[in-house]
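> I'd like to ask some things about the structure below.
The values are calculated or read from the model by the stated rules, or taken from the named source; none is laboratory data. In this text, all values refer to a predicted model and were calculated from it rather than measured experimentally. Cβ sites come from the backbone with ideal geometry, for glycine too, and all protein chains shown count toward neighbours. Accessible surface is based on the protein model in full, side chains and every heavy atom, while ligands, DNA and RNA are left aside. Shrake-Rupley method; radii C 1.70, N 1.55, O 1.52, S 1.80 Å.
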Amino acid sequence: MRIIKLFTLLFLLVGAVNAADEVKLRADHPDRYVVVKGDTLWDISERFLMSPWLWPEVWQANPQIENPHLIYPGDVITLIYVQGKPKLVIERKIPTVKLSPQIRAQRIEQPIPLIPIDTIRQFLNENRVVGKNEFDNAPYVVAHDELRLATASGDKIYARGITSADQNYSILRLGDAYTDPDSKELLGYEAVHVGNAKMLRSGDPATFKLSGTNREVQTGDHLLPILETPVLHNYLPHAPKTQIKGRIISIFDAVFQAGRDQVITINLGERDGMEIGHVLAIDRAGDEIVDSVKGGTVQLPDEQSGLLMVFRTFEKVSYALILESSRAIHILDSVRTP
């Protein structure tokens, strides 16, 4: 039986920030916003702040609340001022249900994610970037059951080189190489996700059953343990603490240009300090034009064309989602600390 509905308040205080990073509210910010299913943390931050990546500067959760760093549908965010300083107040309505002693009440809603999960799902635990040696030394498909092509869930395949105790594997195929456009360093290879498989029997070869495929499994495809999916609602949008510069080196599902909600690869990785939640500005190089007045050519300055957020990091590269774009975004466009 449903009983009293509890209301709690979380005060999110604006922390002290450097003048250069001063939090500025949008001129059209709401005074009150009710979080709905489908919202992301970036969406909400964008409603209130001129620079949404400064959200951590205004977020200071109440430690007395369970999971204080999470925001749920139904939470009401209200902007108030105390001694001239803005504060964000969240009213959380938590329904409680009287249950038998053996059953514990739990929230049904899921917390809102950092960015749209459906847009990036395949890049969280399917595609990945690998080194050539790592890939070449990984287990590989040596045959299909009854020597026929394996394409559907339930089909069997046989693989050699299995040495770990993992039971669940991703089947991958080596894709394009990533090369740094400036230093020409080989940064890794895109490993294209073919499908997943579960080991039925160890040995040499080991026997696997396909649990899902995106394309036909071929002899010579490699197997690596399934990646652990990062829990994105545990991260906040934030800018790197240092000045970082890089370039876009790949655009998924596009040939030349990209826009909002498309996934890209940048030539910055964990060795460069990249973290999940990092926000970078995207700059398009200025054109070289002819001076029609005095002759000669003039190099126009770079102009910001968008914002991206890193959601998956590897040693030398990262996957990122374009969050804003005021013009077309291209391979080799620059990225930097905003």
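> Calculate the tail of P(r) for the stretch 245-336: the fraction of all Cα-Cα distances greater than 21 Å, expressed in %. Can you show the working numbers first?
Numbers: 1371 of 4186 pairs.
Roughly 33 percent, once rounded to a whole number.
> Go through the stretch 136-143 residue by residue and turn each phi into a ³J(HN,Hα) via Karplus (6.51, -1.76, 1.60, θ = phi - 60°); whole Hz please, and just put x for glycine and proline.
Coupling constants for the stretch 136-143: 5, 8, 6, x, 9, 6, 10, 6 Hz.
> Can you pull the accessible area of Ile289 for me, 1.4 Å probe, Å² to the nearest 10?
70
> If you average the alpha carbon positions of the stretch 165-194 and of the stretch 255-278, how far apart do those two centres end up, in angstrom?
15
> Quick one: which residues, 5 or more positions from Gly175 or on another chain, have an amide H under 5 Å from its amide H? H modelled 1.01 Å from N in the peptide plane, none for Pro or chain starts.
Result for Gly175 returns Glu190, Ala191, Val192.
> Taking amide H positions as placed 1.01 Å from N in the peptide plane, with prolines and chain starts having none, which residues 5 or more places from Leu25, or on another chain, fall under 5 Å of its amide H?
So Leu25 has HN proximity to Met50.
> Mind listing the long-range amide H neighbours of Glu315? Cut-off is under 5 Å, sequence gap 5 or more, other chains count too, H placed in the peptide plane at 1.01 Å from N.
For Glu315, whose amide H was placed from the backbone, the distant partners under 5 Å are Glu270.
> Which loop chymotrypsin sites (Phe, Trp or Tyr not before Pro) in the stretch 249-312, with loop taken from DSSP, have no more than 11 other Cβ atoms within 10 angstrom of their Cβ?
Counting only loop positions with at most 11 other Cβ atoms within 10 Å, the chymotrypsin sites (Phe, Trp or Tyr not before Pro) in the stretch 249-312 are Phe256.
> Along the stretch 297-307, what does the Karplus equation 6.51 cos²θ - 1.76 cosθ + 1.60 (θ = phi - 60°) give for ³J(HN,Hα), rounded to whole Hz, x for Gly and Pro?
Using θ = phi - 60°, the values come out as 10, 9, 8, 6, x, 5, 10, 5, 10, x, 9 Hz.
> Going through the stretch 221-282, which GluC sites (Glu not before Pro) have at most 16 other Cβ atoms within 10 Å and a DSSP loop state?
On the way: sites: Glu228, Glu270, Glu275; in loops: Glu228, Glu275.
Here the GluC sites (Glu not before Pro) that fit, given the DSSP loop and packing criteria, are Glu228, Glu275.
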